[in-house]
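Down below is the structure, laid out as structure tokens.
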Amino acid sequence: MSRLFLFRLAFDIAAACLLLFGFSYWWLGNVAHELAGTAMFLLLIMHNVFNRRWYGTISRRRRDARGAFNTAVTFALATAMLALLVTSILISNALSGIMSAYGGFTVRQLHTLAAYWVLVIVAVHLGLRWSMLMSFARTLLGISYPNAARTLVLRAVTAATAILGVWSSFQLGIGGKLSMQMTLDWWNFEESVAGFFIHCIAIAGLYIALTYYAMKGPRKNKRQAVSASSISENVRQ
Ligand code: HEM
């Protein structure tokens, strides 16, 4: 495993943490939110520069359900991220001198809508790469043999995360946020900060698990799936 790939994953983790942090707008306020968002977008530009070859191979790739789904998810993610970026610029306080004429209530609502969809789509994006991430973790921890007890514990943790994710979705009103419904119930950060992040991580965990297990079938059937080969190519780089 190359050092470069380790750096790439470290940047990916940082981008994911900044994304989660972005949801806690009412915790530390606007300046922290805008700084974190800017850093996340810079990391994501790097992420796409590192993965630029993937875009060049789309037309040459063999068509299978998993590959097609992966391509659709990546484009959905690009669209949602672009919407998030454009609305961020329009409502930015730091840029209000230039952009004040464009930002308004609807743009803020679109910004929130894009952000919650990004959370779900990033989780699906990670679920599609979960085998690769687990194999990376095994290499890092020096685990070379399967172990039934370990597998059982990990599955129990996954099941618990998924159940918590369903509950957290209701706690944070994710359904309403994904369908752009107006709500006045904001998380009370004075009561708990950790609780909010646990809910966000559990919701992401739910979609990662759903994607990972839904894709297990197609992966078994198509071991030579092109996206898997491009992932292993990434690991070698
Ligand atoms: C916080 C947001 C994101 C996280 C945590 C994330 C995470 C990851 C990870 C872990 C990988 C595999 C390792 C690597 O290549 O670095 C990956 C691959 C990739 N990501 Fe992301 N990603 C994010 C956002 C995005 C966005 C916004 C796009 C563009 C639309 C994107 C496009 C890609 C592509 C094209 C690949 C390579 C796919 C492949 O080889 O099959 N990602 N991402």
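The table for this structure:
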quantity	calculated
Test for residue 23: is it within 11 Å of the ligand (Cβ to nearest atom) and touching a Phe, Trp or Tyr at 6+ places or on another chain (Cβ under 9 Å)	no
Qualifying position, being away from the ligand (no atom under 13 Å from the Cβ), aliphatic (A, V, I, L, M) and either under 21 Å from residue 181 (Cα atoms) or in contact (Cβ under 8 Å) with a residue 12 or more places away in the chain (or both), among 85, 113	113
Counted residues, the stretch 1-20 - those being surrounded by 15 or more Cβ atoms within 10 Å (Cβ to Cβ) and either among the hydroxyl-bearing types (Ser, Thr, Tyr) or away from the ligand (no atom under 12 Å from the Cβ) (or both)	0
The stretch 36-67, residues that are without any contact (Cβ under 8 Å) to a residue 12 or more places away in the chain, more than 9 Å from the ligand (Cβ to nearest atom) and within 19 Å of the chain's Cα centre (by Cα)	38, 42, 45, 49
Any hit, the stretch 96-112, residues being aromatic (Phe, Trp, Tyr), on the phi < 0 side of the Ramachandran plot and out of contact with any helix residue (DSSP H, G or I) (no Cβ under 8 Å at 6 or more places or on another chain)	yes
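Readers should treat all values here as calculations from the given coordinates under stated rules, not as data from a laboratory. Only a predicted model underlies this, so the values are computations on that prediction, with no experimental measurement involved. All Cβ positions, glycine included, derive from the backbone under ideal geometry; neighbour counts span all protein chains shown.
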